[in-house]
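Please treat every number below as a calculation from the coordinates, not as lab data. These figures come from a predicted structure and were not determined experimentally. We place every Cβ from the backbone using ideal geometry, glycine too, and count neighbours over all the protein chains shown.
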Protein chains: 2
Amino acid sequence: MDPNLIPFFKAAVSVDNVVFGFDQSGLKVLLIYRGADPYRNCWALPGDLISLDSDLSSSAEKVLQDLTGLDKVYMEQIHTFGKVDRHPFGRVFTVAYFALIKIEDYNIHPSSWAEEAAWFPISEIPDLPFDHNEILLFAKDQLKTKIRRQPIGFELLPKYFTLTELQKLYESILETEFDVRNFRKKILSMDFITDTGLKQSCVTHRPAKLFKYNAKKYSKISSSDFAFDL
Amino acid sequence: MDPNLIPFFKAAVSVDNVVFGFDQSGLKVLLIYRGADPYRNCWALPGDLISLDSDLSSSAEKVLQDLTGLDKVYMEQIHTFGKVDRHPFGRVFTVAYFALIKIEDYNIHPSSWAEEAAWFPISEIPDLPFDHNEILLFAKDQLKTKIRRQPIGFELLPKYFTLTELQKLYESILETEFDVRNFRKKILSMDFITDTGLKQSCVTHRPAKLFKYNAKKYSKISSSDFAFDL
DNA sequence: TGGTATTATTGTATATTTTACAATATATTC
DNA sequence: GAATATATTGTAAAATATACAATAATACCA
């Protein structure tokens, strides 16, 4: 393949990941402390330039893999950002992805381009370099839209979870509150979680039942039939 | 701005537009007959390589403007495609957009890269070069999702339209059929079309009332409140 | 062991929305 | 004015969403 067959202007292309996690304190985003110019020593979205021989989606997966050690993570492309001056060093298009990870599985593996990585509550994101704040907005919005239509919330929860945790998750993402009874009726009627028969332990109050996500049941349902309007 | 500040691999970036139109025979897509290699003399999506000084969205708009002469068209980014071998001449990322145009406004302006352009019914799209068939699938899917949540269908209709035309539009895009009475109740209850008091003329049967889209009313409603589930 | 603190769990009545279904109205043409 | 063609409209039943608070299960402590 002769790259010169395309005699036009070329640009660098990068991927940037918005990595969401969730714990009892709410929805969080994983940011890295940049160890390279530009914007060295700033908190930013984890991302990297794409190399010649990587597909787009593989590149996004690799960034996440390098950073978290996690594989087979739920990822989805959000949007591509291509303003002329979005990068101070030249023309760089960036393709943004969001990823949902189980925060308990995450182990810090700062990468070549990251000195450090940390979770930031979604409501306390600092000013980010490039157009990363805009990217984050897109990601939040897309997550909101998506979770109302598809059962992707489980990607953020441990294998076993309580209905209260699930409700808090939906409430954090959708930035609203639900009636406990109505939430449970709705989510149970959708028939993609199963009572494991297990219960919480080591809690100082009535232990909650533990549920698990039932992917098989869902896979029979067309995506347009699922909605979370409460 | 010194392009050499980014010493990494660079690639060409293009935009490809999926241009939708609608008339009484249904939903259509505008394809061009390629006048340049590769795939010269094939029907394909209209697109072009991005130049140094154009923002991403401006590039997509320019492709459409060159091709149709139309300005201020509803466009939305769909997805970016970046498989290593998607272009035979080298690494080319393409950012796909869809556009909704009023087919009656369209005038043929074949471009430097197009010898000819023509509307193809959505059900009769030929084999397309590159990954253009895949792009088209994404576009159809996104249009389907979008029209259920936002009143964008009007972008495909003339200023004045009948409820029957509107119903046919929704049916074409969603690939389903609605009950006449229920469709009308639903769409009228959403309160973004207005009866103009005018009627169809030159028809050989009872003339239908003409409606128009009422953008102002809609603009007060948050996008998540609108849904077209019938 | 019984009381307290804490969170989990559950049901029902009402309002709203969706669905299913067919007769009548208005124009043109002959 | 009869025939043809499409436009327009209502109602009852079913399903879904909403509003709302009392009881249950555990740990802890006195």
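Counting from the shortest, the label point at A:Met190, 7 Å from Cα toward Cβ, is 2.2 nm from the same position in each remaining copy.
Largest first and in whole Å, what are the equivalent-ellipsoid semi-axes of segment B:73-123 based on the Cα gyration tensor, each being the root of 5 times an eigenvalue?
On the way: eigenvalues 129, 51, 23 Å².
Three semi-axes, in Å: 25, 16, 11.
Take every DSSP beta bridge whose two residues both sit in segment B:1-147; close to 75 percent of them are antiparallel. Dipole orientation for the protein assembly as shown: of the candidates B:Phe138, B:Phe9, A:His205, A:His205 has the Cα lying most toward the positive pole (charges on Cβ; Lys, Arg +1; Asp, Glu -1). In this entry, the protein assembly as shown is assigned a mean projected area of 25.3 nm², taken as a quarter of its C-alpha convex hull surface.
Rounded to the nearest 500, what is chain A's calculated 222 nm mean residue ellipticity when only DSSP H runs of at least 4 contribute -39500 (n - 2.57) each, over all residues? Don't jump to the answer; show the numbers that get you there.
On the way: 5 runs with 58 residues, N = 230.
Estimated from H runs of four or more residues: -8000 deg cm²/dmol.
Given that compact globular proteins tend to follow 2.2 N^0.38 Å, what is the ratio of the alpha-carbon Rg of segment B:1-110 to that value? Walk me through the numbers before you get to the answer.
Details: Rg = 15.3 Å, N = 110, 2.2 N^0.38 = 13.1 Å.
Relative to the rule-of-thumb radius for its length, segment B:1-110 sits at 1.16.
Looking at the square roots a ≥ b ≥ c of the eigenvalues of the Cα gyration tensor of segment B:50-155, which shape do they give, rounded for a/c under 1.5, prolate if a/b is larger than b/c, or oblate? Don't jump to the answer; show the numbers that get you there.
Numbers: a/c = 1.36, a/b = 1.19, b/c = 1.15.
Here segment B:50-155 falls in the rounded category.
The largest-to-smallest principal axis extents of the Cα set in segment A:92-214 are 50, 29, 24 Å.
Shielding value for B:12-25 is 2, the average number of Cβ atoms from other chains within 10 Å of each residue's Cβ.
Of the DSSP beta bridges with both residues in the protein assembly as shown, give the percent that are antiparallel, rounding to the nearest 5. Walk me through the numbers on the way to the answer.
On the way: 60 of 78 bridges.
Approximately 75 percent, going by the DSSP bridge assignments.
Once the convex hull of all Cα atoms in chain A is built, its volume per residue stands at 157 Å³.
Remark: label point of B:Cys202 defined 7 Å out from Cα along the Cα-Cβ vector; separations to the same position in other copies 7.8 nm, ascending.
Over chain B, what relative contact order in percent results from Cα pairs under 8 Å that are six or more residues apart?
21 percent.
Of A:Phe81, B:Phe183, the sequence from fewest to most neighbouring Cβ atoms within 10 angstrom is B:Phe183, A:Phe81.
For peptide B:86-95, what's the mean number of Cβ atoms from other chains within 10 Å of each residue's Cβ?
Details: counts 2, 3, 2, 7, 10, 8, 3, 8, 1, 6.
Per residue, the average neighbour count from other chains is 5.
For segment B:37-100, the spread of Cα positions along the three principal axes, ordered from largest to smallest, is 34, 25, 22 Å. Neighbouring Cβ atoms from other chains, within 10 Å of the Cβ of residues in B:140-153, number 1 on average. Each of B:Ser51, B:Ser58 was scored by other Cβ atoms within 10 Å of its Cβ. Listed from fewest to most, they are B:Ser51, B:Ser58. For segment A:103-159, the square roots of the Cα gyration tensor eigenvalues, ordered a ≥ b ≥ c, give a/c of at least 1.5 with a/b no greater than b/c, which places it in the oblate category.
Rounded to the nearest 10 degrees, the inclination of helix A:180-189 to the longest alpha-carbon principal axis of chain A is 80 degrees. Among A:147-159, B:29-41, sorting by the average number of other beta carbon atoms lying within 10 angstrom of each residue, highest first, gives A:147-159, B:29-41.
In this assembly of identical copies, the label point of A:Glu104 (Cα plus 7 Å along Cα-to-Cβ) is separated from its counterparts by 6.1 nm, sorted shortest first.
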